[in-house]
Amino acid sequence: MRLCRFEIRNFKCIEYVDLSWENLLVLIGENNAGKSSVLSAIALFLSGGAAKDASLFRKHQVDAQNAIELIGHFDNISSEEAEQIAVRGRMYGDKWVLKKRYWYEPGEDGESGGWKEQLYSFSSIESFADWPDPDSSWASFPEDYQPLIAALPNRGARPNAASKDALRSVVREQRPDLVVMGAPNWLVNPGGGGNWKSNANSILPRAIFVRAVHEASDETNAKDASTYGKLVNLIVERSLAQRPEMARLRDALDEVLALFRPDEANPQRQAQEVRDLQDRINRSLNEVIGGHALIRTEAPELRAMVLPSTSLVIRDAMAGIETDVGHQGHGLQRTLVMTLLQLLADAQGQGAPGAIPGFQRSIILLIEEPELYLHPQMERLMRDVLHKLALQPGTQIAYCTHSPLFLDIADKYRAIVRMFKTHNGDAVSHQVTQDLFPGPPHQADRQRLNAVAKFDPVVNELFFAKSVVLMEEFSAIAAFDRAAEALGLFERHRRLRREVTLIDCNGKANIPAFLRVLNAFEIPYRVLHDADPGNATEQANNQKILAAIPNAAAQLHLVNPNLEGLLGYVPPSKAKPYAAVSAVDDLHVQGQLPQAFCEAVYMAYFGQLAEPEVVP
């Protein structure tokens with residue numbers, strides 16, 4: 001199964017966030033914008049754990065009215081997953097929707113309160129037309145059911161729970177017209193009891209959370225509970241668990257479990273001891289309230305039975321001692337995580353020879369700041385490893401990042417989620433789910449954008465800026481940056497370096513593609529480019545840019561006739577940025593920076609033609 005949508009309500013700083021997810025999810029935003037809270041919410045939902053800490057609740061309000069609600073929408077449900085207790089009969093179309101709700105319930109009459117958890121599924125209630133009530137005799141069923149009842153093997157003289165379940169299965173298959181589905185709604189703990197809940201948690205994707213700053217004290221006592229132990233175990237499982245030896249073990253285990261299972265077609269398969277115990281229970285039960293009990297067992301997870309509990313230690317050859325990874329430096333820890341992720345990608349991409357497919361839980365890797373403690377070349381390698389893993393069947397990746405290297409502005413923009421805070425401190429998200437480059441007419445823009453971003457990933461900084469300024473070439477950026485420094489703008493307005501980002505679009509023709517992305521993600525921007533009068537090709541580009549800007553009067557500024565003409569220098573064939581900076585320096589020293597150029601600089605950094613007053 002795949003987690004295709006995730007909703008978060010009242011978790012930490014999040015009032016409500018709704019995320020769409022294919023295979024990759026990339027969370028961006030300023031520090032303290034809620035990115036890690038999203039990963040923590042996913043980890044809590046998948047872990048089967050409980051929320052018993054007031055700091056996990058929005059504004060620390062833990063009552064039922066402000067309960068945490070985490071909702072997972074799953075698609076790509078396999079046939080084996082569809083037969084699980086928690087899923088069977090509880091689908092909503094082709095999806096399984098699971099909600100977990102957490103709150104604190106105070107005690108009454110001096111009794112202590114307690115933390116509560118409730119599971120729901122969103123599905124329709126299934127009923128069967130004219131099913132009798134009571135249904136304690138076969139004769140009470142209408143004529144439509146009688147041929148199906150007659151064909152039931154070992155149905156018994158009177159209906160019991162097993163035979164009625166068997167009849168329902170036959171009706172679904174042979175007479176679907178008798179099946180009535182009610183309006184879908186949230187069903188509380190469908191099936192009742194703990195089996196449904198434990199089964200639901202056992203089939204959820206397995207989460208591995210790699211935190212940004214990891215201390216040895218965060219480790220639990222169980223060795224394979226560490227991030228490293230989990231990754232190693234996962235690699236071992238993917239590499240070995242599908243070997244023929246494991247398949248034979250599954251078959252042998254299934255033969256043993258058959259001793260416990262009731263089998264209407266072959267009742268002798270169930271162990272006589274189990275049948276005798278079941279009969280004694282039912283005799284006693286009938287003496288009191290009637291009804292029929294069945295002994296059922298759930299197969300244990302084979303992985304937990306046979307795979308080793310694994311940890312990693314680092315051996316110091318000189319000192320002759322072994323030390324847990326958690327006590328090593330953060331750089332070594334991150335390098336080790338990347339190495340294990342590479343090995344996992346290789347293991348998932350290579351099926352074991354002669355392997356027999358079996359039930360495997362999906363994997364979701366949650367990673368805080370994968371760029372942490374890595375130099376740029378290793379950052380690129382980590383990005384490639386994560387993107388490779390995201391393409392593997394049964395694997396999804398979610399990470400939060402501050403590095404432009406981990407973004408793909410042209411092909412994976414739908415995976416990007418911008419997190420930011422509202423004025424009241426709640427974290428909210430913005431995600432683009434539509435195709436920004438639909439159909440053949442827009443493929444040229446996609447290709448241009450992809451080429452620029454691939455060879456100059458710094459352009460992805462536009463996702464991290466409070467305000468973006470699109471410029472057609474690096475010479476303009478160099479000139480404007482030098483002029484702002486010479487004019488003292490960075491000294492008087494210290495926020496400019498942090499809040500305004502100048503982006504080199506590598507040509508005027510590429511600006512419309514950038515505008516598509518900025519408009520879709522609702523990122524504030526301005527555009528400055530040469531007017532280039534008398535050039536027909538550039539005038540056509542000017543019109544395309546103008547058409548793509550919603551508020552051109554406030555967002556667009558033309559440098560007339562062009563940067564070189566305004567600064568009065570002839571651009572060389574090489575070292576154009578140096579020539580532009582030199583021209584700015586010379587004019588500034590002479591006190592002759594053109595007013596039109598200064599106005600363009602002010603427009604770039606302040607969105608107006610004059611420098612504003614300095615805010616203390």
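The values are calculated or read from the model by the stated rules, or taken from the named source; none is laboratory data. Note that the coordinates shown come from a computational prediction; the quantities given were computed from them, not determined experimentally. Here the Cβ positions follow ideal geometry from the backbone for every residue, glycine too, while neighbour counts run over all protein chains shown. In case anyone asks, the SASA skips ligands and DNA or RNA and just uses the protein heavy atoms, side chains included. Shrake-Rupley method; radii C 1.70, N 1.55, O 1.52, S 1.80 Å.
Looking at the square roots a ≥ b ≥ c of the eigenvalues of the Cα gyration tensor of segment 536-591, which shape do they give, rounded for a/c under 1.5, prolate if a/b is larger than b/c, or oblate? It would help to have the intermediate numbers written out before the result.
Values: a/c = 3.07, a/b = 1.87, b/c = 1.64.
Cα axes put segment 536-591 in the prolate bin.
Counting only the heavy atoms of the protein chains, how much of residue 602 is accessible to a 1.4 Å probe, in Å² to the nearest 10?
Spelled out: residue 602, probe radius 1.4 Å, area about 40 Å².
Excluding ligands and nucleic acids, what accessible area in Å² is computed for residue 52 using a 1.4 Å probe, to the nearest 10?
Per-residue accessible area (residue 52): approximately 130 Å².
Which of the residue pairs 508/576; 35/100; 35/59; 544/574; 12/52 have a Cα-Cα distance greater than 22 Å in the structure shown? Can you show the working numbers first?
Details: 508/576 16 Å; 35/100 20 Å; 35/59 17 Å; 544/574 29 Å; 12/52 13 Å.
Over 22 Å apart, Cα to Cα: 544/574.
Where a Cα-Cα gap under 21 Å defines reach, which lysines qualify for residue 230, not counting those fewer than 8 residues away within the same chain?
Cα-Cα hits under 21 Å: 388.
Which aspartates and glutamates have a Cα less than 16 Å from the Cα of residue 466, not counting those fewer than 8 places away in the same chain?
30, 499, 522
What's the ranking of 118-129, 55-66 by average number of surrounding C-beta atoms within 10 Å, highest first?
Details: 118-129: 16.8, 55-66: 14.8.
Going by the mean number of other Cβ atoms within 10 Å, highest first, we get 118-129, 55-66.
According to the square roots a ≥ b ≥ c of the eigenvalues of the Cα gyration tensor, what is the shape class of segment 472-616, taking rounded for a/c under 1.5, prolate for a/b larger than b/c otherwise, and oblate for the remainder?
Details: a/c = 1.78, a/b = 1.13, b/c = 1.58.
Oblate.
Using a cut-off of 17 Å between alpha-carbon atoms, which aspartates and glutamates can reach residue 95, once sequence neighbours fewer than 8 places away in the same chain are excluded?
7, 18, 22, 75, 80, 81, 83, 126
Could you state how much accessible area residue 505 has, in square angstrom rounded to the nearest 10, with a 1.4 Å probe and all protein chains kept in place?
Only protein atoms counted, so the area is about 0 Å².
Place +1 on the Cβ of every Lys and Arg and -1 on the Cβ of every Asp and Glu in segment 433-558, take the dipole about the Cα centre, and give the residue among 474, 541, 514 whose Cα lies farthest towards its positive end.
Of the candidates, 514 comes out farthest on the positive side.
Tell me whether segment 95-181 comes out rounded, prolate or oblate; compute the Cα gyration tensor, take square roots of the eigenvalues as a ≥ b ≥ c, and use a/c under 1.5 as the rounded threshold. List each step's numbers first, then the result.
Values: a/c = 3.55, a/b = 2.27, b/c = 1.56.
In terms of gyration-tensor shape, prolate.
Under a 1.4 Å probe, what is the accessible area of segment 123-198 per residue, stated in Å²?
Numbers: 4370 Å² over 76 residues.
Solvent-accessible surface per residue comes out at 57 Å².
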